Amino acid sequence: GDGADIAICQSVAGVNFLDVVYRRGSYKEPNMPFIPGREASGAVLAVGEGVTDFKVGDRVAYSMAPASYAEYAVVPAARLVNLPDNVDSKSGCAIMQQGLSAHYLSHSCFPLKPGHKALVHAGAGGVGLLLTQLAKKLGATVYTTVSSEAKAELSRAAGADASIIYTKQDFEVEVKRLTDGRGVDVVY
């Protein structure tokens, strides 16, 4: 790399849909040899020149760098975050891609502001739960779609103002009802 790389002994690897797609053969794999995985957590073994934010022994997690299924990896320092003491390695790994996705949607794709109304599909999934929490923190009203009452409870616990069970309700009709016909500002 450019010297700002960090060697990691990986303890947890994230399994995301892209990894499944590669395994199914739906996408052509990158050039061989190819080690799957794009997010992991572990401990820093060594740091490259100029790296000041990480030291040997730090617990870290990353996303968007290849080879997370390997026992060891070299990752650009810019892709890493230190894990706080109260975040275990499994949670730290799991939150990376979903958290980045939720943040991108709520802050870049359509930056939510107080008073916005948002519809979040798959509101009980990893991204949906995080997106709901971020949207509420930003002052938005959040409606979610889910497939069951159990998932509706999860979504409401994350802050959803209403959860629409799409297996029993027409979400378009419900959104119009909930917004007095106005609709929402964004659909995620």
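Taking the conditions exactly as written (part of a loop (DSSP other than H, G, I, E, B) and surrounded by fewer than 16 Cβ atoms within 10 Å (Cβ to Cβ)), does residue 182 satisfy them or not? Steps first, please.
Numbers: part of a loop (DSSP other than H, G, I, E, B): yes; surrounded by fewer than 16 Cβ atoms within 10 Å (Cβ to Cβ): yes.
The answer is yes for residue 182.
When 87, 75, 56 are screened for being under 26 Å from residue 129 (Cα atoms) and either out of contact with any Gly (no Cβ under 8 Å at 6 or more places or on another chain) or buried (at least 19 other Cβ atoms within 10 Å of the Cβ) (or both), only 87 passes.
Residues in region 1-44 that are open to solvent by 90 Å² or more (accessible area, probe 1.4 Å) and within 19 Å of residue 77 (Cα to Cα) were compared, and the one that is modelled with the lowest pLDDT is 1.
Restricting attention to region 58-93 and to residues that are in contact (Cβ under 8 Å) with a residue 60 or more places away in the chain and hydroxyl-bearing (Ser, Thr, Tyr), the residue that is farthest from residue 9 (Cα to Cα) turns out to be 89. Scanning region 53-74 for residues that are in a strand (DSSP E or B), of a type in the set (A, V, I, L, M) and under 19 Å from the mean Cα position of the chain (by Cα) yields a count of 2.
Residue 81 versus (1) of a type in the set (A, V, I, L, M, F, W, C); (2) part of a helix (DSSP H, G or I); (3) open to solvent by 40 Å² or more (accessible area, probe 1.4 Å): which is the lone unmet condition? In the conditions (1) of a type in the set (A, V, I, L, M, F, W, C); (2) part of a helix (DSSP H, G or I); (3) open to solvent by 40 Å² or more (accessible area, probe 1.4 Å), residue 81 misses (2) alone.
The residue that is farthest from residue 123 (Cα to Cα), counting only those in region 150-170 that are open to solvent by less than 80 Å² (accessible area, probe 1.4 Å) and in a helix (DSSP H, G or I), is 150. Of everything in region 173-182 that's in contact with a strand residue (DSSP E or B) (Cβ under 8 Å, 6 or more places away or on another chain) and either without any contact (Cβ under 8 Å) to a residue 24 or more places away in the chain or of a type in the set (A, V, I, L, M) (or both), which residue is farthest from residue 120 (Cα to Cα)? Taking the candidates together, the pick is 178.
Filtering region 96-142 down to residues that are basic (Lys, Arg) and in a helix (DSSP H, G or I), which residue is surrounded by the fewest Cβ atoms within 10 Å (Cβ to Cβ)? Taking the candidates together, the pick is 137.
The values are calculated or read from the model by the stated rules, or taken from the named source; none is laboratory data. Keep in mind the model is a prediction, meaning the values are calculated, not measured. Note: ideal-geometry Cβ built from the backbone for every residue, glycine included; neighbour counts use all protein chains shown. Side chains included, ligands, DNA and RNA excluded: accessible areas come from the protein's heavy atoms. Shrake-Rupley method; radii C 1.70, N 1.55, O 1.52, S 1.80 Å.
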